[in-house]
Each structure stands twice: as structure tokens, then as C-alpha cells.
Amino acid sequence: NQLELENEEVELQSNIISKWIGESPFGKGTGWEPYPTSLRIINWIKWHFKTNSLSAEAKLSLWSQVNWLAGRPEYHLLGNHLFINAKALLFACVIFGIDEHSAIYRKALKILKEELSEQFLNDGAHFELSPMYHALAMEDLLDLYQLKSSLPSSFPNQEIQEKFHRGMNWLHYMSYGNGELAHFNDSANGISPAFKELEDLGIKCGLSGSLNSDIKFNYLRDSGFVVLKNETVHLIADIGDIGPDYLPGHAHADSLSFELAIKGKRIIVNSGTGEYGLSQERLSQRSTSAHSTIELDGKSSSEVWSGFRVARRARITEVEICEDDNSIVFAAVHDGYTRIASKPIHKRQWIVNDGCLEIIDEVTGSQNSVHLRYYLHPNIHVEIHGESVLLRTNSEKLAKINTEQNVQVLDSTYHDKFGELRKNKCLLITGTTPFSCKVSISWN
């Protein structure tokens with residue numbers, strides 16, 4: 001489905017479809033699971049809308065896939081899986097002329113309406129709290145909106161339009177100036193469309209809306225993020241719960257972590273998502289130790305396990321927000337470590353003044369080991385000058401970090417795309433509870 005298609009490419013793609021049909025026995029194998037079946041249905045139909053090239057054989061196969069999917073919506077998985085099932089069935093209603101009296105349309109419409117209400121929060125976020133899956137959800141909404149003239153009047157195009165506008169504001173906050181996504185929960189670059197692509201497509205679809213670009217500081221209460229975004233600084237802090245209780249599969253143990261960009265350059269990061277599956281690396285990337293926050297006794301704040309599981313979860317128990325003409329102060333407390341010895345509580349406070357960010361960590365408890373980490377973007381170089389840590393790119397000084405604590409500079413890895421690993425640095429401060437630490441990051 002690339003934008004420009006040459007005739008020889010259309011022929012090649014027709015052959016690929018025929019090959020798949022010939023080598024994929026009905027209902028057998030991973031390719032017939034409901035989620036890939038949904039994606040394939042959508043992509044074949046999109047391709048046919050562009051090329052009018054689905055053969056009679058392919059249309060027959062497509063109809064078989066649609067009926068197969070209609071009997072197997074992923075109610076057991078819910079979330080983005082169930083939403084994409086409904087989207088595929090609605091695409092099928094258009095290409096096959098299925099009206100509102102059809103069981104397929106009624107089922108798809110029921111799922112869509114329920115999931116629009118369930119999955120899109122009042123502050124615009126997709127409820128799994130992953131910027132990557134959020135961007136994919138924005139693409140889904142745009143695709144569905146384009147079907148409105150070919151579906152019955154019961155299709156909720158007005159609600160889709162409203163969810164898209166709110167969602168694009170949220171994505172604007174969670175996207176950096178270079179098009180990269182913030183790394184909270186499962187989020188990687190190169191999978192979903194970038195903000196600018198979605199914005200341009202929305203305009204083509206008649207959904208050009210105004211962004212809340214005049215709002216420099218925002219507490220996104222429903223999704224639990226605080227964002228400061230102005231001409232110099234882009235700060236994103238996670239002060240919310242990890243996601244929906246019944247669907248934590250894409251959650252990371254990243255409570256009270258944050259990311260920071262200065263002058264358009266990313267500086268403090270979380271380590272990202274480079275793979276799925278059941279590997280130790282997958283567990284490591286989801287753990288607290290891979291995020292810019294505090295780890296106690298080698299444990300994660302939320303008990304991530306297996307590939308997409310979470311046991312006991314950190315809860316945010318307090319939030320404080322204070323904004324005046326001279327500074328912005330916000331803080332939060334989580335209880336994720338009360339299950340370990342001495343039942344420690346972690347409170348983190350951010351204080352933003354002109355040209356400076358202070359992060360103050362306080363942890364209660366007794367004799368718990370503390371690892372406080374600040375991960376740096378791979379483009380950031382570290383220079384130690386006495387008690388100061390200078391952060392710079394090859395050509396520019398960006399920020400200086402000061403703290404009374406001893407800072408170690410460790411080699412680490414960063415995973416901003418699936419299947420990729422980049423070397424970076426991690427600043428580590430250690431101690432024992434009760435623990436208190438103030439780190440100042442200045443950029444003037």
C-alpha cells in the first residue's frame with residue numbers, strides 16, 4: 001500500500017496474493033489468527049480501492065476470510081485486537097455491499113461503538129497508554145472515517161471525528177519535534193505513522209482541527225502524563241497508573257519515569273522497546289531498571305513477567321500540581337514497592353524554573369538498595385567537570401547536571417526501533433533507604 005504504484009508492482013502484488021492463497025490452507029497457521037487476518041483483510045481491500053486488481057479468486061478468498069473472522073472476534077484479548085477485528089469487518093461491508101440488516105455489520109457496529117467508548121479516554125489517549133499504539137489507533141480512526149459515505153447512517157462518524165481530534169492533541173504532546181515518539185510502555189519508532197503523516201492524512205479527509213499548541217503545560221489526567229512543551233523544553237512525566245487493569249499486556253514498570261528534550265534534542269529517555277516474545281531481553285526492557293526512575297532491591301515497581309503479563313501493579317496514591325508565573329511544580333507518589341521489605345514509598349517531585357529542572361526523589365523504608373537511573377539518548381555525550389555532568393552533542397552544549405550524590409556513568413543500550421540496538425550512556429546514583437536526592441538540570 002505504498003503511495004505510488006507502478007503497473008509492474010501491481011502485477012507482483014497480485015502474484016503475492018495468489019501465492020498466499022495457494023500456500024495458506026483455510027483456517028491453518030498463524031496467518032489465520034484473527035489479528036493478522038484482520039490486517040490482511042484491510043490491506044487487501046485498501047489495495048483494491050487503489051488498483052481495482054483483486055481477482056475473482058482473491059475476492060472469493062477474501063469473503064472466506066471475512067466469514068472466518070466474523071465468527072472469531074478476539075473478545076478474550078480485547079483492546080486494539082478487538083478494535084481491528086471490527087474495522088476489518090466494516091471494510092468488508094463496503095467492498096461486498098453488506099447493509100445494516102446483515103449480522104456481520106451489526107456485530108462490527110456493536111464492537112466499534114463499545115470500543116470507541118472504552119478505548120479512548122477523555123484526554124484523548126488510547127487507554128493502553130502506548131504512544132505507538134495510540135498513533136496506530138489514530139490511523140484506524142482515519143481509515144474508518146473514510147468509509148462513512150459507504151456505510152449506513154448508524155455508523156458513528158461524528159464520534160470518530162471527535163475521538164480523532166482529541167487523540168491528535170494527545171499525540172502532539174507525546175511526539176518530539178524530530179517525529180520520534182516518547183518511550184512509555186511498549187512504544188517504538190517506525191511502526192506507526194508519525195504525527196505529521198496523520199495530520200496530513202486528516203487534512204485530506206477533511207478532518208483538519210486546531211491543536212492545543214498554545215497550552216504550554218498540561219496535566220493529562222485520564223492517561224496520567226504531565227507535559228511541558230515550549231520553544232526550549234519538552235518534558236514528559238508519567239504520574240499515572242500503568243494502564244487498564246484487565247489489559248496490561250503492553251505496560252512497562254515505568255512509574256514516575258520521565259523524558260526530556262532541550263532545544264529539539266532528546267536528552268533523558270526511557271530505553272524503549274526492541275522486541276516482543278518471551279526472552280530475558282523482553283523482560284529487561286519492560287522492567288523498572290530500563291527506565292529513568294528509581295528501582296529498589298533489584299525489583300520492578302510493577303511485576304512484569306512473561307511477554308505481556310503484569311502481576312502486582314504500582315498505584316499512584318498522591319498527585320500534586322502547582323503552576324504560577326515563575327515556576328511549575330508537580331509531584332506524585334506510588335506504592336509499587338510496599339510489597340518488599342520495609343514497605344518503602346517513592347515520591348518524585350519536578351520543579352521547572354526558567355532554564356532549570358530540579359528532580360527531587362524521596363524514598364521511605366530502611367536498608368533497601370536504591371538505583372536511580374537517568375538514561376541518555378545515544379546522541380548525547382557525557383563530560384565530567386568536577387561535581388557537574390555536562391551533556392552535549394558533537395556540536396552543541398545542551399545541559400549541565402548537578403547533584404550532591406556520586407554519579408556513575410555506565411554503558412547501556414537503547415531500543416528505539418524493533419530489532420535495533422544502539423549504544424548509549426546511563427547516569428547511575430546508588431544509595432539505601434531512607435533515601436533523598438536532588439538532581440538539577442540546567443540549560444541556560
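Quick notes on this one:
- Among the candidates 241, 186, the residue that is among the acidic types (Asp, Glu) and out of contact with any helix residue (DSSP H, G or I) (no Cβ under 8 Å at 6 or more places or on another chain) is uniquely 241.
- Of all residues making up segment 271-327, the number that are over 18 Å from the mean Cα position of the chain (by Cα) and outside any loop (DSSP other than H, G, I, E, B): 16
- Taking the conditions (1) basic (Lys, Arg); (2) open to solvent by less than 50 Å² (accessible area, probe 1.4 Å); (3) without any contact (Cβ under 8 Å) to a residue 12 or more places away in the chain in turn, residue 19 satisfies each one other than (2).
- Here residue 223 fulfils each of the conditions (1) part of a loop (DSSP other than H, G, I, E, B); (2) modelled with pLDDT of 95 or more; (3) open to solvent by 20 Å² or more (accessible area, probe 1.4 Å); (4) not charged (D, E, K, R) apart from (3).
- Condition met for residue 214 (of a type outside the set (Val, Ile, Thr), out of contact with any helix residue (DSSP H, G or I) (no Cβ under 6 Å at 6 or more places or on another chain), in a loop (DSSP other than H, G, I, E, B) and within 25 Å of residue 342 (Cβ to Cβ)): no
- Of all the numbered requirements in (1) open to solvent by 20 Å² or more (accessible area, probe 1.4 Å); (2) over 28 Å from residue 186 (Cβ atoms); (3) without any contact (Cβ under 8 Å) to a residue 40 or more places away in the chain, residue 62 misses one, and that requirement is (1).
- Residue 112 within 20 Å of the chain's Cα centre (by Cα) and either assigned to a helix (DSSP H, G or I) or surrounded by fewer than 17 Cβ atoms within 10 Å (Cβ to Cβ) (or both): no
- Taken over segment 226-248, the criterion of being under 24 Å from residue 338 (Cβ atoms) and part of a loop (DSSP other than H, G, I, E, B) is satisfied by 239, 240, 241, 242, 243, 244, 245, 246, 247, 248.
- Taken together, 134, 172, 183 contain a single residue that is in a loop (DSSP other than H, G, I, E, B) and either modelled with pLDDT of 95 or more or over 20 Å from the mean Cα position of the chain (by Cα) (or both), which is 183.
- Every residue from segment 337-347 that is at negative phi and out of contact with any Leu (no Cβ under 9 Å at 6 or more places or on another chain): 338, 339, 341, 345
- Any hit, segment 27-38, residues being outside any helix (DSSP H, G or I), among the basic types (Lys, Arg) and within 26 Å of residue 308 (Cβ to Cβ): yes
- Selection of strands (runs of 3 or more DSSP E) fully inside segment 336-444 by the criterion of at least 3 residues being buried (at least 17 other Cβ atoms within 10 Å of the Cβ) and of a type in the set (D, E, K, R) returns 356-363.
- Among the numbered conditions (1) in contact with a Leu (Cβ under 8 Å, 6 or more places away or on another chain); (2) under 28 Å from residue 373 (Cα atoms), the only one that residue 193 does not meet is (2).
- Applying the criterion of being basic (Lys, Arg) and surrounded by 13 or more Cβ atoms within 10 Å (Cβ to Cβ) to the residues of segment 25-49, the residue that is farthest from the chain's Cα centre (by Cα) is 46.
- Within segment 120-158, tally of residues that are in contact with a Phe, Trp or Tyr (Cβ under 9 Å, 6 or more places away or on another chain) and either basic (Lys, Arg) or under 18 Å from residue 209 (Cα atoms) (or both): 16
- Residue that is touching a Phe, Trp or Tyr at 6+ places or on another chain (Cβ under 7 Å), aliphatic (A, V, I, L, M) and modelled with pLDDT of 95 or more, where the choices are 352, 319, 333, 363: 363
- Residue that is β-branched (Val, Ile, Thr), touching a residue at least 40 places away in the same chain (Cβ under 8 Å) and open to solvent by 20 Å² or more (accessible area, probe 1.4 Å), where the choices are 191, 160: 191
- Evaluation of residue 77 against (1) among the hydrophobic types (A, V, I, L, M, F, W, C); (2) open to solvent by 10 Å² or more (accessible area, probe 1.4 Å); (3) part of a helix (DSSP H, G or I) (one fails), failing number: (3)
The values are calculated or read from the model by the stated rules, or taken from the named source; none is laboratory data. As the structure is a computational prediction, the values presented were derived from the model and not from experiment. Cβ coordinates were reconstructed from backbone atoms using ideal geometry, including for glycine residues, and neighbour counts include every protein chain displayed. With ligands, DNA and RNA removed, areas are computed over all heavy atoms of the protein, side chains included. Shrake-Rupley method; radii C 1.70, N 1.55, O 1.52, S 1.80 Å.
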